[in-house]
Structures are given as structure tokens and as C-alpha cells.
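The block underneath contains the structure these notes are about, expressed in C-alpha cells.
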Amino acid sequence: MAKSLLIPKILLLLLFSSQLDPSKASSVPSKLDGFAYNGSGPWKDSVLIEAFFDPVCPDSRDSWPPLKKVVEQFAPRVSLIVHPFPLPFHNNAYLACRALHIANKLNSSSTYDLLELFFKYQEKYYNGPTASASRIAIQKDMSKLGAFALGNSFLADFENGFQDSSTDAAARISYRYGSSRGVYGAPFFFVNGFLLPGAGSPLSYTQWINILQPLVENNGGRHPVLSFYL
């Protein structure tokens, strides 16, 4: 979110410290944080994009369609991992990120479906509309959204997921991982480990093409589809 750039990083860490007790998660997690798009991983010969998204951030939402389009067009020469990164001034961001981890645990193929549902209905989880709602009520509502992505038979499992300490630890690790990479807003994008300029703002499809096309060419030639248009 662009306005997050105006808030010093140290302030964000202080605001979120009450939810990030390091004693509740190991210093080094057992696996890399994030959700691989279409089951892909950081392949040796592909360009790796890492996106840090807050599911209830408008700029994260607006970033997703052009990024998804360009990743699918460049596949398999480009791979994508999305890291959930809850912004502390979005009251329900942490619960939304935890919901993504619940979905990923129950059925990893549903994780991006749920992310897209959060983007579609995110306004209902903004601070204002949920100001009088309890945390339990919000969890139940997010569980219904999760069941829509996974199937209605998963509703009870999804609700139980909010009581599972492992999903709580996973969501905390996601935030800590982003902080360790210098992330303090959303969206943030890294390509092959390097932070792209303009952090906190969406990138257009054309911008992504201009970034990725030279990298793909250096990795073995022009993309067979995009070469017709470039």
C-alpha cells in the first residue's frame, strides 16, 4: 500500500509487536515461507518473482491481475511465490493471512483461490465495516469464505484451523520473514532476490513485461508467445 511508505519501518514493528512473540515460533522455520503459484518452485533456470501481499490491502489486490497474467504467459520460465504480509494498520490482515495458511494446510491447491476471494470481497474486512465485530465473528466469516474456496464440507475444519497453533506460528513466521527481507509495506516485489523499485505500489502488465522479457531472453531466448508482440 503506497501510504505505508510514509510510516517508518520501526513504527510498524512496534505496532505489531504484540502479535509477534519470537518465543512462539522457531528462529529458523522448517521450510521456506510462501505459497508457490501453480505448485511451482524457484527452479534453477527460471526467473523467480517473490510478491509480498496483504490480503486486505487495495494495492495488493490491484497488483494481482497483471502479475498473474504475466506469470502465466511466461511459464515455465518464470515462477512465483507469494508471501502473506499483514500490515499492522489493517485490523484484519493477520487473520486473513492466517486463513491463507489454513487453506494451504487443508488443500494447497485452494490457497490462491482463497487469496482471490479475499481480493474480491476485501472491503467487507476493512477497518470501518468490522469496527463493531468481534474477532470470533470475523474468524467465522473468513471460515465461510475459506469453505467457499475449498468446499462446504471443509467449514468445520477451517474454523478449527483458527485454533491450530501451527497456523498461528506460520502466519507469524510470514511476517517475520518479510521483515527480515526489509519489507514494510505491500505490495513488495523481489525478482531473483532483488527488490524492485516503487515498493508499495502496483505494477502494470507492461511494466512486468519490460522487467521480465530481458531476463527471460538471457535465460535461453525470447518467450515463444510474447516474441510475436515485442
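Pairs under 9 Å by beta carbon, first residue at pLDDT 95 or above and open to solvent by less than 50 Å² (accessible area, probe 1.4 Å) in the stretch 136-158, partner in a helix (DSSP H, G or I) and of a type in the set (Val, Ile, Thr), six or more apart or different chains?
These pairs meet every condition: MET142/ILE102; SER143/ILE102; GLY146/ILE102; ALA149/THR111; PHE158/ILE102.
For the stretch 71-90, how many residues are polar (S, T, N, Q) and crowded, with 18+ Cβ neighbours inside 10 Å?
Number satisfying all stated conditions: 1.
Select, from ASN210, ASN218, the only residue that is farther than 22 Å from LEU117 by Cα, out of contact with any Leu (no Cβ under 6 Å at 6 or more places or on another chain), open to solvent by 30 Å² or more (accessible area, probe 1.4 Å) and at pLDDT below 95.
ASN218
For the stretch 107-133, which residues satisfy the criterion of being open to solvent by less than 60 Å² (accessible area, probe 1.4 Å) and of a type in the set (A, V, I, L, M, F, W, C)?
Hits for the stretch 107-133 are LEU114, LEU115, LEU117, PHE118, PHE119, ALA133.
Across the stretch 64-90, which residue is farthest from the chain's Cα centre (by Cα) among those that are under 18 Å from TYR125 (Cβ atoms) and part of a loop (DSSP other than H, G, I, E, B)?
Ranking the qualifying residues of the stretch 64-90, first place goes to PHE89.
Among the residues of the stretch 91-106, which ones are part of a helix (DSSP H, G or I), open to solvent by 20 Å² or more (accessible area, probe 1.4 Å) and over 16 Å from GLY34 (Cβ atoms)?
Matches in the stretch 91-106: LEU106 only.
Which of the residues belonging to the stretch 166-199 are in a loop (DSSP other than H, G, I, E, B) and within 13 Å of the chain's Cα centre (by Cα)?
Passing the criteria: VAL183, GLY185, ALA186, PRO187.
Within the set of pairs 6 or more residues apart or between chains, which connect a residue that is of a type in the set (D, E, K, R) inside the stretch 84-109 to a residue that is not in a helix (DSSP H, G or I) with Cβ atoms less than 7 Å apart?
Pairs that qualify, where the first residue is of a type in the set (D, E, K, R) and the partner is not in a helix (DSSP H, G or I), are ARG98/PHE162.
The values are calculated or read from the model by the stated rules, or taken from the named source; none is laboratory data. Quantities reported herein were computed from a predicted structural model and do not represent experimental measurements. Don't worry about glycine lacking a Cβ; one is built from the backbone with ideal geometry, like all the others, and counts go over all protein chains shown. Accessible surface is based on the protein model in full, side chains and every heavy atom, while ligands, DNA and RNA are left aside. Shrake-Rupley method; radii C 1.70, N 1.55, O 1.52, S 1.80 Å.
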